[in-house]
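Visitor: Sharing a structure, written as C-alpha cells. Questions coming.
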Amino acid sequence: LVQRSFSAATRADNLLSLMMQALARLSMSAQTADTTINALQSERERLASLYQIAQELNSALDLEQLLGRVMTQLIEVIHAERGVLLLWDDHTGQLQFMAARGAEGQPLTEGNIGHSSNIVQRVWETQAPLMTTDAKADPRLSDAASVRVNEIRSVMCAPLRVRGHGVG
C-alpha cells in the first residue's frame, strides 16, 4: 500500500512537473506571439506610410510641394524632430536645399534647419549612410562644430541614389 501511494505521488509529481513545463512553454509562446504582433503592426504602419508616399509621388505636380509632403511622411515614419532634403545641382556643383520639415510637418527654411554640413558632406563624399544615437560622443562627429552648436543628438543621414549615382 505504501509502495502504491509512493508510486502515485511520484506520478503526480511527474505529471505536475510536465504541466508546469508545458505552461512555461505556452507562456513563452504567448510572449513571442505578442512581440511578433507588435512588430507586424509597426511594419504595417511603415508600409502604409510608404504607400502614402508613393501615392504622393504619383499625384503631385509641383516638385517643391511634393518634396515637402514626402519629407513630412518620412519624419513621421522614423519619428524624427526634423528632416532635410538636399539634391545635387550639376550647374553649381553643390548640394542644394530642397525641402525641410519639423516634427509636426511644418516647413523649415534653409536658415533655421540646424543641420550639420560636416555630416552631410561626409555622407555625400562616401555615399554611405551615417547613423548615431549620440553625436557628441561619436568619434566620427564629436569634432564637428555644428553638432555642438545645434545640439544635435541622434543623426540618420543617407545618400539618395538613382541607378547607382548620387543625386542628393
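The values are calculated or read from the model by the stated rules, or taken from the named source; none is laboratory data. Just so we're clear, the structure is a prediction, and the values are computed from it rather than from any experiment. As a convention, Cβ positions derive from the backbone with ideal geometry for all residues, glycine included, and neighbour counts pool all protein chains shown. Remember, those area values only see protein heavy atoms, side chains included, never the ligands or the DNA or RNA. Shrake-Rupley method; radii C 1.70, N 1.55, O 1.52, S 1.80 Å.
Visitor: Can we say L74 is under 14 Å from G105 (Cα atoms), open to solvent by less than 40 Å² (accessible area, probe 1.4 Å) and of a type outside the set (G, A, S)?
Guide: no
Visitor: Here's a check for you: in the stretch 125-143, which residue that is in a loop (DSSP other than H, G, I, E, B) and in contact (Cβ under 8 Å) with a residue 24 or more places away in the chain is nearest to the chain's Cα centre (by Cα)?
Guide: P129
Visitor: Could you grab me the full set of residues in the stretch 83-111 that are surrounded by 11 or more Cβ atoms within 10 Å (Cβ to Cβ) and β-branched (V, I, T)?
Guide: The answer is V84, and nothing else.
Visitor: Name the residues in the stretch 80-115 that are part of a loop (DSSP other than H, G, I, E, B) and free of Cβ contacts under 8 Å to residues at least 12 places away in the same chain, would you?
Guide: The answer is D90, H91, T92, G93, E104, Q106, T109.
Visitor: Scan the stretch 148-167 for residues that are outside any loop (DSSP other than H, G, I, E, B), touching a residue at least 12 places away in the same chain (Cβ under 8 Å) and under 22 Å from L87 (Cα atoms) and jot them down.
Guide: V155, M156, C157, R161, G166
Visitor: I'm checking my understanding of the structure. Among residues of the stretch 124-168 that are open to solvent by 60 Å² or more (accessible area, probe 1.4 Å) and β-branched (V, I, T), which one is nearest to D90 (Cα to Cα)?
Guide: V162
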